[in-house]
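Q: Take this structure first; my questions come after.
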Amino acid sequence: MACPHLVRVEPTYIFLSSQVAARTVELMAESAHTFRKRLASGFDHPSTLGAAGKLVESILHRALLRGSVDPFGVGGRGLSELPLIGEAPNFVFKAHMTLPPPPLYLRPQSQTFAAVDAIVVTDTVLWLVQSSASDRHSLIFKTLLAILLRLEKQGIKVHGVRLVYCLIGTDDQRVRSAARSAARKLTALKAADSADRTRELGQSETVVNWLMKLDVEGYSFVTPNGLSRVWPAPEEDTAVA
């Protein structure tokens with residue numbers, strides 16, 4: 001006879017006194033602050049940047065599945081996770097797989113997947129998530145367009161939905177700086193001559209026009225409070241500083 005397994009997804013804790021409960025909360029807050037500082041330091045060095053970004057993505061992924069954060073408008077609906085096999089922009093889904101309806105969480109399996117760490121697909125928005133937000137990270141809009149084209153060829157709806165390049169990190173200033181740099185580069189590309197833009201990005205004019213719908217947003221991920229948007233700030237929604 002098999003032994004049943006006890007699975008505690010959302011355990012309940014009972015404290016002996018309010019003082020013990022208050023001290024426990026203080027210790028948890030101190031621990032979260034220390035964790036955030038140590039994780040943020042990982043983005044300062046090229047050798048640890050990728051690993052720090054993957055850790056942030058892993059924490060975000062778990063929080064989304066549990067429903068404790070919802071910046072992408074999943075709204076508590078079932079989130080289907082699909083692995084992306086291979087490198088950008090030549091990745092594939094599993095063979096003979098039928099795509100489930102949105103929302104989808106597309107997760108690259110390669111540790112060297114370029115430009116994004118995850119892709120979240122809803123009925124109205126496609127989020128290209130980069131969790132190693134840093135000024136050291138090259139802003140490769142050419143690669144983002146190639147990823148979008150590959151997604152469309154794999155059956156993901158790209159045309160007619162909002163496109164967001166979403167930068168996520170654990171340090172408000174670092175995320176804001178990286179998002180501002182990305183937004184400036186994107187603004188310059190949008191303002192460039194059509195022929196020059198098409199030549200620089202190496203895609204057809206139809207694909208390059210997706211860039212005109214692309215927005216940049218930056219979020220700070222602070223455990224245990226979840227995500228808060230740091231770019232654009234409310235006063236910057238209509239302009240890039």
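The values are calculated or read from the model by the stated rules, or taken from the named source; none is laboratory data. Quick caveat, the model's predicted, so the values are computed rather than measured. Every residue, glycine as well, gets a Cβ built from its backbone with ideal geometry; the counts of neighbours run over all protein chains shown.
Q: Got a number for residues in the stretch 52-93 being polar (S, T, N, Q), closer than 18 Å to residue 113 by Cα and at pLDDT below 80?
A: Residues of the stretch 52-93 that are polar (S, T, N, Q), as a first pass: 58, 68, 80, 90.
Those left that are additionally closer than 18 Å to residue 113 by Cα: 58, 90.
Applying the additional criterion that residues be at pLDDT below 80 yields 58.
Qualifying residue count, the stretch 52-93: 1.
Q: Sticking with this structure for a sec: Which of the numbered conditions does residue 212 fail, given that it passes all the others? Conditions: (1) in a loop (DSSP other than H, G, I, E, B); (2) modelled with pLDDT of 90 or more.
A: Among (1) in a loop (DSSP other than H, G, I, E, B); (2) modelled with pLDDT of 90 or more, residue 212 violates only (1).
Q: If I ask for residues that are of a type in the set (Lys, Arg) and surrounded by fewer than 20 Cβ atoms within 10 Å (Cβ to Cβ), which ones from the stretch 181-222 would you list?
A: Taking the stretch 181-222 as the starting set, the residues that turn out to be of a type in the set (Lys, Arg) are 184-185, 190, 197, 199, 213.
Listed by number, the residues that qualify are 184, 185, 190, 199, 213.
Q: Also: If you take the residues of the stretch 86-105 that are among the hydrophobic types (A, V, I, L, M, F, W, C) and under 23 Å from residue 203 (Cα atoms), which of them is nearest to the chain's Cα centre (by Cα)? Talk me through it step by step, then tell me what you get.
A: Filtering the stretch 86-105 down to residues among the hydrophobic types (A, V, I, L, M, F, W, C) leaves 88, 91-93, 95, 97, 99, 104.
Cutting the leftovers down to under 23 Å from residue 203 (Cα atoms) gives us 88, 91-93.
Values: 88: 16, 91: 18, 92: 19, 93: 19 Å.
Per the criteria, the residue is 88.
Q: Could you tell me whether the stretch 97-107 includes any residue that is surrounded by fewer than 19 Cβ atoms within 10 Å (Cβ to Cβ) and under 19 Å from residue 218 (Cα atoms)?
A: So in the stretch 97-107, the residues surrounded by fewer than 19 Cβ atoms within 10 Å (Cβ to Cβ) come out as 97-101, 107.
Still in the list and also under 19 Å from residue 218 (Cα atoms): none.
No, there is no match, as no residue in the stretch 97-107 is surrounded by fewer than 19 Cβ atoms within 10 Å (Cβ to Cβ) and under 19 Å from residue 218 (Cα atoms).
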